[in-house]
Amino acid sequence: MFLTLEGIDFSGKSTQAKMLVDALSAERAVCFLREPGGTPISERIRTILLDKKNLELTDRAELLLFSASRAQLVAGVIRPALARGEIVICDRYYDSTTAYQGAGRGLPMDAVRAINAFATDGLAPDLTLFIDIPVDEIERRRAAAGKGFDRMEAAGREFFRRVRDGYCALAAAEPHRFVRIDGTRTPGDVHAEVMAALTASPLYQLHTP
Ligand code: TYD
């Protein structure tokens, strides 16, 4: 089974991914990955993508680099893990490209969709958990974290508004694959909803030992 987590920056998605992996690893083989990254080549591409010095990176080059990183991850890690019968949990996947590069940067959606399909050779997630927070929450969480921003996080509020709208449109278009989860509650409450969404999925039930 192939499960992905999605959401805007500071949605708490990565915390949820870790909690989910901890909960499942006790009784089954779990392959946990994050995008961009997950293979040596993909991690090198990640460095280029997140480096604040790379201000001249064009939107199209950005889209292709995220997709190149993913192509390597799908062929080298995700497909082999699925073939071994593992549950693959990926923190971000091609819906991030549709939301950030398509809706956020405004690149043509038909091209984004075609490149997503090409990079993954058509591998779609079975279930996608969209951890949703309002855009204003980004500012609050960013201030509380007190960290610097990477190249992507440095984008402004309007950009993140478009990205969130992009996710909402994806969730509406594919209601069988997407589950929207309110990310404004405590990590424990969000985790409970994540587990409920997963255990309700017919594919998960099929894979339950
Ligand atoms: P990361 O530090 O991993 O952020 P997060 O914990 O929020 O996932 O950085 C990934 C950044 O790259 C994040 O800002 C989202 C962005 N991104 C895209 O713009 N397109 C993509 O296809 C992917 C996978 C990520």
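None of the figures in this text is laboratory data; all of them are computed from the coordinates on show. All values derive from a computational prediction rather than experimental measurement. Quick reminder, even Gly has a Cβ in these numbers, built from the backbone with ideal geometry, and neighbours come from all protein chains shown.
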Exercise. By the gyration tensor of its Cα atoms, with a ≥ b ≥ c the square roots of the eigenvalues, what is the shape of the stretch 91-203: rounded for a/c under 1.5, prolate for a/b over b/c, or oblate?
Worked result: oblate
Exercise. Do you know the relative contact order of the chain, to the nearest whole percent, from alpha carbon pairs under 8 angstrom that are 6+ apart?
Worked result: 32 percent
Exercise. Tell me, what is the FRET efficiency for A61 and A200 to the nearest 0.05, using R0 = 41 angstrom and their Cβ-Cβ distance as r?
Worked result: 0.55
Seminar exercise, completed: For the stretch 131-184 the chymotrypsin sites (Phe, Trp or Tyr not before Pro) that pass both the DSSP coil test and the at-most-15 other-Cβ-within-10 Å test are F149
Seminar exercise, completed: Expected unfolding gain across K52-A169 under the 0.36 nm per residue rule, minus the alpha-carbon gap, is 39.2 nm
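Are there trypsin sites (Lys or Arg not before Pro) in the stretch 134-209 that DSSP marks as loop and that have at most 14 other Cβ atoms within 10 Å, and which are they?
Of the trypsin sites (Lys or Arg not before Pro), the ones in loops of the stretch 134-209 whose Cβ has at most 14 other Cβ atoms within 10 Å are K147, R185.
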For this session: Could you rank the peptides 128-136, 94-102 by their average count of other C-beta atoms within 10 Å per residue, with the highest value first?
Result: 94-102, 128-136
Exercise. Going through the stretch 48-137, which trypsin sites (Lys or Arg not before Pro) have at most 15 other Cβ atoms within 10 Å and a DSSP loop state?
Worked result: K52, K53, R84
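Please work out the Cα convex hull volume for the stretch 2-206 and give it in Å³ per residue.
Hull volume over Cα atoms, normalised by residue count, gives 118 Å³.
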Seminar exercise, completed: For K18, counting only lysines whose alpha-carbon sits under 28 Å away and dropping same-chain residues fewer than eight positions off, the answer is K52, K147
For this session: Exposed loop GluC sites (Glu not before Pro) only (DSSP loop, at most 16 other Cβ atoms within 10 Å): please give the longest stretch of the chain free of them, not including the sites.
Result: 57-152
